[in-house]
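A short worksheet on the structure shown next.
The values are calculated or read from the model by the stated rules, or taken from the named source; none is laboratory data. In this text, all values refer to a predicted model and were calculated from it rather than measured experimentally. As a convention, Cβ positions derive from the backbone with ideal geometry for all residues, glycine included, and neighbour counts pool all protein chains shown.
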Amino acid sequence: MTDTHGDSDRLSIPHPSRKTIYAALIGNLLIAMSKFIASAFTNSSAMVSEGVHSLVDTSNEVLLLHGLNRSTKPPDDSHPLGYGRELYFWSFVVALLVFALGAGISFYEGITHILNPASIENAGANLVVLALSAVFEGYSWRVAFKKLRSSKGRSNYLQAIRQSKDPTTFTVLLEDCAALTGIGIAFVSITLSQRLDMPMLDGLGSICIAILLALTAYFLAQECKGLLIGERAAPAVEAAISKMAKEDPAIQQVNGVITVHMAPDQVVAALSAHFHDEANADDIEECVERLETRLASERQEVTTLFGKPQTGRRWSGSGPSVPTSP
């Protein structure tokens, strides 16, 4: 078996999603401060929940940046394929935080306010803060949405999220969707609580925000779990590797290609090929080197390639049950 690591420089290419994270980080920090100040003056449970929500989102962006920085470390003796999956791990931690802190504290705050209702003071201040928060969140959402739209191709947005290998984009987008929805819930609950003179509606708003965060956390955890376990690259990537191999003069037949993402821009590929009978070990090694050179030029995301000489019969008999690349 022959293998290669791409140049370590390729692992340190700045990730295009950093702008998305920085926009969300700055926006959520300003929003969290505004909401906590408003909640202190108005005694609103829903506003406390929204403040916790924004504070959790802020810490999440810090964790995503940490994951991005860790994922760009080059391979070493203990991690020969690099640290790409650090990003997927920290994205999963983000999902846990959304559930444990965001949903948990919001639910507790809501129950407490329902059992011990207290009238909201100066509700207008809350509504102004919520309106400003919606503007900040809307900007962050727009940045993340544009990033997803530019990469979704012909897929719809839900499919694009499910197929995305970049958790930074869909995590920020889903967080912002939940934040905007939570702002709407808080706005309605505070307004109704004031108009109907029913303080417990404010607590009910907190519980609705908790449910929203729990559902968001569940969806994020499911997506991050798949990436952490290991997902194949897009069919186009596998097809490109297969096409290159078929065009090489040393290869008689391409049996199949297996790929797995280590990070959004780091793919490990394994190629099973039937070489011509006259090909010796040197010919096979030179063939793999030619393929590595083409991949480095045309498919920079493929950072590691393994080549296995194998007949088609052995591949079909012992190979994994994955689709054979065209």
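Would you confirm whether or not region 156-174 contains a residue that is over 19 Å from the mean Cα position of the chain (by Cα) and of a type in the set (S, T, N, Q)? Within region 156-174, none of the residues are over 19 Å from the mean Cα position of the chain (by Cα) and of a type in the set (S, T, N, Q). Put simply, of Ile258, Ile211, Ile207, Ile229 the only residue that is under 24 Å from Thr168 (Cβ atoms) and among the β-branched types (Val, Ile, Thr) is Ile229.
Looking at this structure, is Leu81 in contact (Cβ under 8 Å) with a residue 60 or more places away in the chain, touching a strand residue (DSSP E or B) at 6+ places or on another chain (Cβ under 9 Å) and among the hydrophobic types (A, V, I, L, M, F, W, C)? Answer is yes for this residue.
For the residues Asp265, Asp277, the requirement of being among the acidic types (Asp, Glu), in contact with an Asp or Glu (Cβ under 8 Å, 6 or more places away or on another chain) and not assigned by TED's automatic domain parsing to the domain that holds Leu68 singles out Asp265.
So which pairs qualify, if the first residue must be in region 277-297 and touching a residue at least 40 places away in the same chain (Cβ under 8 Å), the second must be part of a helix (DSSP H, G or I), the Cβ gap must be under 6 Å, and the two must be at least 6 apart or on different chains? Close Cβ pairs satisfying both conditions: Leu291/Met244; Arg294/Met244.
Of the residues contained in region 76-87, none is found to be under 15 Å from Ser206 (Cα atoms), among the acidic types (Asp, Glu) and in a helix (DSSP H, G or I).
Screening the candidates Lys35, Lys73 for the property of being touching a residue at least 40 places away in the same chain (Cβ under 8 Å) and not in a helix (DSSP H, G or I) yields one hit, Lys73.
Among the residues making up region 251-269, those that are in contact (Cβ under 8 Å) with a residue 40 or more places away in the chain and over 30 Å from Asn69 (Cα atoms) are Gln253, Val254, Asn255, Gly256. Only one of the numbered conditions (1) in the same structural domain as Trp141 (by TED's automatic domain parsing); (2) modelled with pLDDT under 85 is violated by Ser59, and that is (2).
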